[in-house]
1. Quick check: net charge around residue A:221, other residues with Cβ under 13 Å of its Cβ, Lys/Arg +1 and Asp/Glu -1?
2. Counting only other chains, and only Cβ atoms inside 10 Å, what mean value do you get across the residues of A:56-63?
3. Need one word for region B:1-60: rounded, prolate or oblate. Basis is the Cα gyration tensor (sqrt eigenvalues a ≥ b ≥ c); a/c below 1.5 gives rounded, then a/b vs b/c decides.
4. Looking at region A:1-44, which trypsin sites (Lys or Arg not before Pro) are in a loop (DSSP not H, G, I, E or B) and have at most 14 other Cβ atoms within 10 Å?
5. Under 16 Å from the 7 Å Cα→Cβ point of residue A:114, by amide nitrogen: which residues of region A:60-86?
6. Take the Cα of residue B:277, step 7 Å along the line toward its Cβ, and report every residue of region B:352-383 whose backbone nitrogen sits under 16 Å from that point.
7. Taking the Cβ of residue A:31 as the center, what net charge do the other residues with Cβ under 12 Å away carry, scoring Lys and Arg +1 and Asp and Glu -1?
8. To the nearest whole number, what is the average tally of beta carbon atoms from other chains within 10 Å of the beta carbons of peptide B:278-289?
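The numbers here are math on the coordinates, done by the rules we state, and not lab data. Values in this document were obtained by computation on a predicted structure and should not be read as measured data. No Cβ is skipped: glycine too gets one built from the backbone with ideal geometry, and neighbour counts run over all protein chains shown.
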Amino acid sequence: MALIECRGLTREYKKGDNIIRPLDGLDLDVERGEFVALMGPSGSGKTTLLNLVAGIDSPTRGELTVDGVALGSLSRNKLAAWRAQHVGYVFQLYNLVPVLTAYENVELPLLLHALSRRERHGRVMTALQRVGIADRHDHYPRQLSGGQEQRVAIARAVVTDPTILVGDEPTGDLDASAAEAVMALLGELHDDLGKTIIMVTHDPKTAACAERTLHLEKGRLVREAGAMEGAAV
Amino acid sequence: MSVGRFVPYVLKQVTRHRGRSALTVAGVAIAMFLFTAVQAMNRGVTVATQERAGETTLVVYRADRYCPATSELPQDYQSRIERIEGVVSAIPVKVVVSNCRTSLDVVTFRGVPKEAFLAERGGAMELVAGSAEDWKRRTDAALVGETLATRRGLRPGMTFDAAGITAYVAGVIRSDNPQDQNVAYTALEFVQLAGRDRLGIVTQFNVTVEDPSMLESVAAEIDGTFKTAQEPTATFTEKSFIGRIADDIIELVGFARWLGIGCLAAVLALVANAIVLSVQSRIGEHAVLQTLGYSSRLVALLIVGEGLVLSLAGGVLGALAAYVVARLGSFALAVEGVSIPIEASLGVIATGLVVCGTIGVLGGLVPAWQASRREIAACFRAA
């Protein structure tokens, strides 16, 4: 059984009198431990799919099951608890809390878990070391470069050891070398820890790091490619 | 999951947005200073005018007179009053004030027969400095109430001038009765003679009756006794006498209550405004928290927590400032020899803080509710 199963997944928004349908009856399976890139033009439904998989949005129709849990059946509060346990989210613009240090940002998701202060400290430092930024643990986001901020954001995403890691253009705001470093880090997390990663990107080079690239257009899956193929698109 | 572990997050949000928090706290502090000051005046009115069970004191004043300068009664009324059934004692008092108008700094001299006064009232007062013997021995000696002594910086051994009288401070007294706290007790003859040559004339009699239930009947009996005399009397319980003399002040303080309510409304608007602005500028941040797994209820709680912290911080500052100013200033609103103390007690502060905390929570509720109801994905689009 696949880790993520989408069947006829549809998401609609109402905007005035119009109904916008960024996802339209999508079927998709993602296996445990896979690294998947989502590509497609703006408005093709990439981020909507990512948000549905991450449990921060709900489908209008269809079924979405992650690790055997039908997300559509969960209440708002249960969905929040599920996210805390199973999802790590990396944003394009990092979205660190500006008044918290790198350490405090990474600690944020752990506050929801039944851990002692010492246990939290151990986990935060391990995560910061893994992303190579432990020496900046007491820096505020404004004191870090874009690449460093994204490393902190990745540490925050993995510190709870989530089932899936989702990234919405995680290199979209970075220069080439910082983007390369971030992708190398995501690759390590996938290879070493076996994390299931789903990532939205516009950059074929970034998509090439994934094992599988899915192309979306108008809310439907139009093409699927392996890593090398995806990079060539 | 303990909510306590999120307290540091709330405190960091408040302390690390320094400018915004400082301005909000300052605004709340100013409003709470005013509110506490108004409450302190209200408290003073209550203490000075509210009848308490077990009180047995009547004040006999000249009928149709409202100030000590015009209330003149023959001292020999004393023996006739003391003959009335139920009367324990009648102490003649000559009142001289430094200022007949309402003021925060009036010196009131009360001339009393020393031995009788000590026998009747001595037990209700505590001598906190100086010597009672000194007071009995010297003609010009005064026992000064603690509030007056603090306000005027008076200590035993000093002399002071007021209302054309120069008195020697023999001791400082403390009493539960606010009227004692703001006066200088001297010998009756000393006040009668001090530049006025009014020997045999007193302002009022303070009459003690056997039982509280006899207050009304004794008062009626006294006024009946002197009804046809050249100087008729009007007799009241001590508290209603104060209420009658100080009714202008009491009315003003009553009006000031509306100012207090206005202060609370200002605090509510200020905190709510600060939280609304804060929430609006942090839509993305709250969406991130929810993405991390924070429930909408928890996010709402954190927002309300910020309102509570801001409000309490301002409340503590404002209330403490009011307390310190009232304590150090030892203010009392005085008119015609009657004092309404400004009582900034710890109870008043506690009330202010409870009100402040409640307002902080109320101020944060609506923005918290709004923030918690937003769709996460929509927040990211809006941020």
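1. Net local charge, residue A:221 excluded: +1.
2. Per-residue shielding by partner chains comes out at 2.
3. Oblate is the answer for region B:1-60, as a/c is 1.5 or above yet b/c matches or exceeds a/b.
4. A:32
5. Zone members listed by number: A:81-82, A:85.
6. Residues B:364, B:367 fall inside that zone.
7. -3
8. 3
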